[in-house]
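Accompanying notes for the structure given below.
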Amino acid sequence: RREKFPVRPETNSRKLKTRDLESATMRTNKFGIRIAASALAMAVSYGAHAVTDEDIINDHKTPEDIVSYGMGTQGQRYSILEDLNTNNVQYLQPAWAFSFGSEKMRGQESQPLIKDGVMYVTASYSRIYAIDARTGEEIWQYDARLPE
């Protein structure tokens, strides 16, 4: 019988306990929140509204903004949108496309974060973009090239 979530036996024969899983989940969620907050804090200097602790805590309730990895502190990636459902999902079409560079670039490397109609997303080679979520137009790009 296959378990839904198989756990590999650990080499030190210590059994994995529920509190270990809870601890790992909490660390992952905190890390994701830090990343999201850092990216959006950087955007504040470019005129966007600041993301508050309350925005992050209530992220799962605001489908128009995605300010944390996984759309909320639980990382469920569940949206409360009701306009899209099993009856009409087949009619979805792209509204715009955005290129992160030539074929040598690896493209998008993170889940986009959205605040006040601006999409923030990282790309290969330490680049971050702010993109108008309605039109797909680039607002700004930051290239944090590492020294050679």
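The values are calculated or read from the model by the stated rules, or taken from the named source; none is laboratory data. A quick note: this is a predicted structure, and the numbers were derived from the prediction, not measured. All Cβ positions, even for glycine, are placed from backbone atoms using ideal geometry, and neighbour counts span all protein chains on display. Just so you know, the surface numbers come from the protein's heavy atoms only, side chains and all, with ligands and any DNA or RNA stripped out. Shrake-Rupley method; radii C 1.70, N 1.55, O 1.52, S 1.80 Å.
Only one of the numbered conditions (1) under 17 Å from Asp132 (Cα atoms); (2) of a type outside the set (Val, Ile, Thr); (3) loosely packed, with under 10 Cβ neighbours inside 10 Å is not met by Gln111, and that is (3). Taking the stretch 119-132, which residues are open to solvent by less than 30 Å² (accessible area, probe 1.4 Å) and of a type outside the set (S, T, N, Q)? If the condition is that a residue be open to solvent by less than 30 Å² (accessible area, probe 1.4 Å) and of a type outside the set (S, T, N, Q), then Tyr120, Val121, Ala123, Arg127, Ile128, Tyr129, Ala130, Ile131 are the ones that fit. Residues in the stretch 30-69 that are open to solvent by 80 Å² or more (accessible area, probe 1.4 Å), at pLDDT below 60 and either farther than 21 Å from Glu109 by Cβ or in a helix (DSSP H, G or I) (or both): Lys30, Phe31, Arg34, Ile35, Ser45. Within the stretch 122-148, count every residue that is under 13 Å from Ser99 (Cα atoms), assigned to a loop (DSSP other than H, G, I, E, B) and out of contact with any Gly (no Cβ under 7 Å at 6 or more places or on another chain). Within the stretch 122-148, residues that are under 13 Å from Ser99 (Cα atoms), assigned to a loop (DSSP other than H, G, I, E, B) and out of contact with any Gly (no Cβ under 7 Å at 6 or more places or on another chain) number 2.
For the stretch 70-100, which positions are open to solvent by 40 Å² or more (accessible area, probe 1.4 Å) and either in contact with a strand residue (DSSP E or B) (Cβ under 7 Å, 6 or more places away or on another chain) or of a type in the set (A, V, I, L, M) (or both)? Residues satisfying the conditions are Ile80, Leu81, Leu84, Val89, Leu92, Ala95, Ala97, Phe98.
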